[in-house]
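The values are calculated or read from the model by the stated rules, or taken from the named source; none is laboratory data. All of these numbers come straight from a predicted model, not from anything done at the bench. Here the Cβ is made from the backbone with ideal geometry for all residues, glycine too, and neighbour counts use every protein chain on show. Side chains are part of the model used for accessible areas, which takes the heavy atoms of the whole protein and leaves out ligands, DNA and RNA. Shrake-Rupley method; radii C 1.70, N 1.55, O 1.52, S 1.80 Å.
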Amino acid sequence: MSVTTNTGPEPSLNSNLTDPGERALNMGLRTTLVRWLAHDGSGADRETITAFSRSFGSLTARQRVEQALELLPGSHVLSSSFGAQSAVMLHLVNEVAPGIPVVLIDTGYLFPETYRFIDELTEKLKLNLKIYRSESSPAWQESRFGKLWNQGVDGIELYNRMNKKEPMDRALRELGAQTWFSGLRRSQASTRAYTDPIEFKRGHYKVHPIFDWTDRDVGRYLKENGLPYHPLWEKGYLSIGDWHTTRSLAAVNNVEELRFFGLKRECGLHED
């Protein structure tokens with residue numbers, strides 16, 4: 001699969017379908033979705049979303065971004081953790097939609113290297129960065145709850161709700177977002193193995209333009225576009241979040257233990 005950004009005009013959603021029946025079906029999906037959204041933008045039925053999502057599978061990542069911007073309701077936002085390979089989505093979406101709000105959830109416990117990486121990419125890509133944090137400071141939380149990340153699954157889930165999920169929900173609400181771009185990929189973890197290109201969750205359309213990319217695809221895109229990995233990548237940090245619950249490959253027995261001591265894989269942002 002090629003991940004090179006084309007310089008010429010991209011074909012439309014239907015242009016790569018040669019079978020008349022497939023073209024008619026795809027056009028019908030477009031018509032159905034547009035009509036449905038015009039009537040009520042709160043969310044299409046599961047069958048329509050599934051079929052529409054399936055049609056995205058044959059498109060390039062850039063085409064997926066373009067079609068989502070055209071057909072799915074705005075406002076549109078992009079979330080980023082500024083993790084190991086985040087430069088791909090930041091570049092890809094911002095190329096198609098310059099100035100799109102980029103939502104960063106800052107827990108106050110990111111690595112120093114991550115904060116410097118945020119500054120570097122924000123300047124390099126001219127990002128419209130929107131930073132959201134918990135309404136309670138890290139000091140306030142620790143004084144009342146202790147170090148939640150050391151209190152098993154329940155503690156980690158409470159920490160994630162306060163520091164990640166609530167700020168993200170607030171960001172989507174305050175920005176009026178109806179469509180949310182995210183860089184989830186199926187090959188990242190077992191919890192993401194069934195990620196679809198388009199989903200409808202918690203009242204928002206979620207679009208995953210690189211859902212089917214491998215690490216090799218990501219590396220190729222970064223190289224072709226002169227983009228950096230996170231500085232901790234070279235030190236064996238493949239999944240980078242808060243310093244207190246992130247481990248390098250050298251410190252774990254398997255990749256499922258890179259985050260949250262192996263007790264969890266997801267931080268809550270991408271769970272139902």
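Okay, here's what the table says:
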{"item": "Strands (runs of 3 or more DSSP E) contained in the stretch 59-153 and holding at least 3 residues among the aliphatic types (A, V, I, L, M) and open to solvent by less than 30 Å² (accessible area, probe 1.4 Å)", "result": "101-105"}
{"item": "Single residue of LEU184, LEU227, LEU172 found to be within 14 Å of the chain's Cα centre (by Cα), part of a loop (DSSP other than H, G, I, E, B) and aliphatic (A, V, I, L, M)", "result": "LEU184"}
{"item": "Residue that is nearest to ALA87 (Cα to Cα), among those in the stretch 193-211 that are surrounded by fewer than 17 Cβ atoms within 10 Å (Cβ to Cβ) and in contact (Cβ under 8 Å) with a residue 12 or more places away in the chain", "result": "LYS201"}
{"item": "GLU174, sole failed condition from (1) closer than 20 Å to LEU129 by Cβ; (2) surrounded by fewer than 19 Cβ atoms within 10 Å (Cβ to Cβ); (3) in contact (Cβ under 8 Å) with a residue 60 or more places away in the chain", "result": "(3)"}
{"item": "Cross-chain or 6+ apart pairs with Cβ under 8 Å, the stretch 52-73 first and closer than 14 Å to SER182 by Cβ, then part of a helix (DSSP H, G or I) and open to solvent by 20 Å² or more (accessible area, probe 1.4 Å)", "result": "VAL65/VAL96; LEU72/LEU37"}
{"item": "Only listed residue being out of contact with any His (no Cβ under 9 Å at 6 or more places or on another chain), under 15 Å from TYR109 (Cβ atoms) and acidic (Asp, Glu), chosen from GLU142, GLU135, GLU166", "result": "GLU142"}
{"item": "Filtered residues of the stretch 218-245 (kept if modelled with pLDDT under 95 and farther than 19 Å from GLY183 by Cα)", "result": "GLU234, LYS235, GLY236, THR245"}
{"item": "All positions within the stretch 158-171 that are under 20 Å from MET89 (Cα atoms) and open to solvent by 40 Å² or more (accessible area, probe 1.4 Å)", "result": "none"}
{"item": "Yes/no for GLY183 being within 19 Å of ASN94 (Cβ to Cβ) and buried (at least 21 other Cβ atoms within 10 Å of the Cβ)", "result": "yes"}
{"item": "Residues within the stretch 60-69 that are among the charged types (D, E, K, R) and within 12 Å of VAL207 (Cβ to Cβ), tallied", "result": "2"}
{"item": "Count - residues of the stretch 151-163 that are out of contact with any Leu (no Cβ under 6 Å at 6 or more places or on another chain), farther than 23 Å from LEU104 by Cα and in contact (Cβ under 8 Å) with a residue 60 or more places away in the chain", "result": "1"}
{"item": "Tally of residues being of a type in the set (A, V, I, L, M, F, W, C) and outside any strand (DSSP E or B) across the stretch 193-209", "result": "1"}
